[in-house]
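Shown next, in C-alpha cells, is the structure this report addresses.
Computed from the coordinates by the stated procedures, all read-outs in this text should not be read as laboratory data. Every value quoted in this text rests on a predicted model; they were computed, and no experiment measured them.
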Amino acid sequence: MNKDLRTFLAEARQMGPEYFATVSRPVDPIYEPCVIQQKLAAQDDYPVIRFEKVNGSELPLVTNLFGKYELLGLALGVRSRPAQIRDPRPLPRARRQAGADQGGFNARTRRSSR
C-alpha cells in the first residue's frame with residue numbers, strides 16, 4: 001500500500017502516459033479541469049491528471065485518482081485483474097428491464113395520487 005499521495009502519484013507516473021497525464025498550461029479551476037477530464041473520458045482514457053498551474057492557487061490540482069481499476073489497485077497495494085472485473089454500469093439497466101418485465105415498478109407508468 002502507498003504511504004502517501006506523493007508516492008502514489010510517483011508510481012502512477014512510472015506506469016506511463018496511459019495512467020498519468022500532466023497539464024502544464026494555466027487552467028481556470030472552475031470548469032477547465034472537468035472539461036479536460038470529460039474529453040479524455042470520451043476517448044475512453046481515464047488517467048490521473050495533474051494540473052501544474054491553477055489560476056488563483058499556488059498548489060497543483062490532481063484529479064481522477066481512481067479512474068482505472070489498476071490505479072485503485074495501486075493505491076490499495078493489490079494487483080488488479082481487469083479481466084475478472086465486470087463493468088458495473090450495465091447492471092442497473094438490466095435490473096430496470098427485469099423489473100418492468102415482471103410487473104415491477106416502472107417510473108413511466110406511475111401515476112400521481114394528487
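Things worth noting here:
- Diffusion coefficient of the range 21-78 by Stokes-Einstein, Kirkwood radius over Cα pairs, 20 °C, 1.002 mPa s: 178 µm²/s.
- Between residue 62 and residue 14, the contour length at 0.36 nm per residue exceeds the Cα-Cα span by 15.7 nm.
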